[in-house]
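Presented below is the structure to which this report refers.
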Amino acid sequence: MGSRTAPVTETSLPDVGGTDATEDEVTTRHTVMIVSALTGTGIVSRALLQSFPSVEPLIAVAVAIGFYKGPRYGIAAGASGFYLSNFLVYGGQGPWSLFQLLGAGAAGLIGALGGRFGDGRVVFFGSMIAGVFGFELAVNAGSVTMASLFGGGIGMLVAAVPFVVIHLVSTCGFGMMLYGSARGIGLDQD
Amino acid sequence: MAVLEGSAWTRTDAGWVVGGLVVIVLVAAGTTLLDTTGTTPGEETVHVGLTVQTPDGIEDNTVGVAENATVFDVLNATHTVSYEQYSFGKLVTGIDGREQNQTHGWLYTVNNATPETAVDRFTVSSGDQIRFRYTTEQAFE
């Protein structure tokens, strides 16, 4: 058995697999950092904005992350963002949490589907709008189901309309901020 | 498209961010018009019964409040209420100047059942019967 004359370093590894794997790891680490930072910012912002009904950034964050980083990250950001931020807002966790998680995950998935159609602003904001509707559909379906169980009515759905509109417009506002920031924070990089 | 010095940001990017911020501020300001404790035009009103019972007598009211109003909103709409804020919500300590003391305090029921939530976390429904009693049923201080 001969002794090595030089230490085996990363750069001296054969190209087959080794270098690519390292680049993938770096890319993944970078993506996880951006997704975590954006989701964390969304969680804190939702808590800070809780006195303004339906003004929250997490759906915009989930859609944008899904749009630029794919379905896995979009769904994770939306669902985990709503779950964790519920600990910081009035009302906390409850039966509604399940529908919020499903809706926010759906928004992340919708963002990812939008990202497959292109990376222009029309597709981006189209995904934002579709993401809000996906979320509201899940949450209001849950509310009506629960209200029916406890003797409520369809009037709850009508009463939700102004809040859906607010959510839609505010999410587009947060979407504008994310669209403008995407290049600067590296969100749009592969 | 001018690139801001020393960064990957462009003026167009900054414009999107500022524009988004303006939209959010305007929408947040607009939400203050949607007061969930008062009734606003077009908002459905629910009517609930409110009874306040003291050793001196019983006062019954029918109160109209906005959908999603809480028991606290109903009581506060018709009486002078004092309360203490706890992590679980508001605890009513006085109604119309009659404050809780070592022997008496305020308990409430909705439809003859005692809710396990604070008054500001119980959302009323049309036809609910709320009753506040000044009672000695438990120690209050």
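The values are calculated or read from the model by the stated rules, or taken from the named source; none is laboratory data. A quick note: this is a predicted structure, and the numbers were derived from the prediction, not measured. So basically every Cβ, Gly included, is an ideal-geometry build from the backbone, and we count neighbours across all protein chains shown.
To keep it simple, each residue is scored yes or no on (1) assigned to a loop (DSSP other than H, G, I, E, B); (2) closer than 26 Å to residue A:92 by Cβ.
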{"residue": "B:47", "(1), (2)": "no, no"}
{"residue": "B:51", "(1), (2)": "no, no"}
{"residue": "B:58", "(1), (2)": "no, no"}
{"residue": "B:65", "(1), (2)": "no, yes"}
{"residue": "B:75", "(1), (2)": "no, yes"}
{"residue": "B:85", "(1), (2)": "no, yes"}
{"residue": "B:103", "(1), (2)": "yes, no"}
{"residue": "B:120", "(1), (2)": "no, yes"}
{"residue": "B:125", "(1), (2)": "yes, yes"}
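When you look at residue B:124, is it of a type in the set (A, V, I, L, M) and within 14 Å of another protein chain (Cβ to nearest Cβ), yes or no? Yes. Evaluate the following for residue B:98: is it out of contact with any Cys (no Cβ under 6 Å at 6 or more places or on another chain), within 18 Å of residue B:53 (Cβ to Cβ) and modelled with pLDDT of 90 or more? No: the conditions fail for residue B:98.
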